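To start, the structure under review is shown below, and the notes come after it.
Nothing in this text is a laboratory measurement; each read-out follows from the coordinates by a stated rule. Note that the structure is a prediction, hence the values are computed from the model and not measured. Note: ideal-geometry Cβ built from the backbone for every residue, glycine included; neighbour counts use all protein chains shown.
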Amino acid sequence: MKAVIQCGGMGTRLRPFTLVLPKPLMPIGARPVLEMLLKWLRRNGIQEVYITTGYLGHLIRTVCGDGSQWNLKIRYTQEMEPLGTIGPLSLIRDELTEPFIVLNGDVLTDLSLSRFVAAHRKHTDPMTIATVCRLIKMDFGVIDEVDNTVQVFREKPTLSHLVSMGIYCMNPDVLQFIPSGIPFGFDDLMLQMMQNGTTVHVYKHDGLWLDIGRVDDFQNAQAISWEDQSASIEVTATAA
């Protein structure tokens, strides 16, 4: 199975650091996020990777090369203009002829790809989204109202939401919804598929997930012993 890592964004949430480095090369300890992500893919059996690049893409190419140091085969695309979070897939649509993995270049997780892919293959629909439950602390008093009258008031509640991990298993027929040459986000893709009546599935993960593009998650990642975590992930992947 092929994997596509989306690395073309400008990493605005981590500025000013990403004025110098693209977000996937931000360090977690002594290693770039992208290196850790590539090693995770390799542990999970992926051997062929496409990295979509745009902003500071030459630095990503310099660090990762052809992937041979991790026993991977890496190929790259380059966006002349930003194509959004899912638009870069249009650049390699002819290469994606079998089910494939798409993931953001700023995620760290212990998700078992074998279990995720197995769940996707249980149905015939074109896409499965890896999801996780996140608790979000509101900074405001939240009001539920009916006819302009307060029914419930909660002072700065913590809300639970099922959120996308930025990891997707897709069949090639998803590509029919993605136009070429224009910015196209994952939200656009979801809208197109839902308007078309196409079913999209979710896979619920209850383990580790960090979005390194968020300052809090980036800081939390620094406190994790990734050497121990990698060994644990490897055991989990093998058991799957």
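For this structure, a couple of remarks:
- Helix 186-195 and the longest principal axis of the C-alpha atoms of the chain enclose an angle of approximately 70°.
- Kirkwood-type hydrodynamic radius, the stretch 105-156: 15.3 Å, calculated from all non-identical alpha-carbon pairs.
- Seen against the Cα atoms of the chain and their longest principal axis, helix 226-239 is set at about 90 degrees.
- The dipole here belongs to the chain: it is taken about the Cα centre, uses +1 on the Cβ of Lys and Arg and -1 on the Cβ of Asp and Glu, and is about 520 debye.
- When the chain is treated as a GNM with alpha-carbon contacts under 10 Å, the residue of SER114, SER68, SER90 showing the greatest mean-square fluctuation is SER68.
- In degrees, nearest ten, helix 33-43 long axis to first principal axis of the chain (Cα): 70 degrees
- Residue of GLN195, GLN151, GLN69 that the Gaussian network model of the chain assigns the largest fluctuation, springs spanning Cα pairs under 10 Å: GLN151
- Farthest positive-ward along the chain dipole, Cα basis, beta-carbon charges - from MET194, VAL142, GLY105: GLY105
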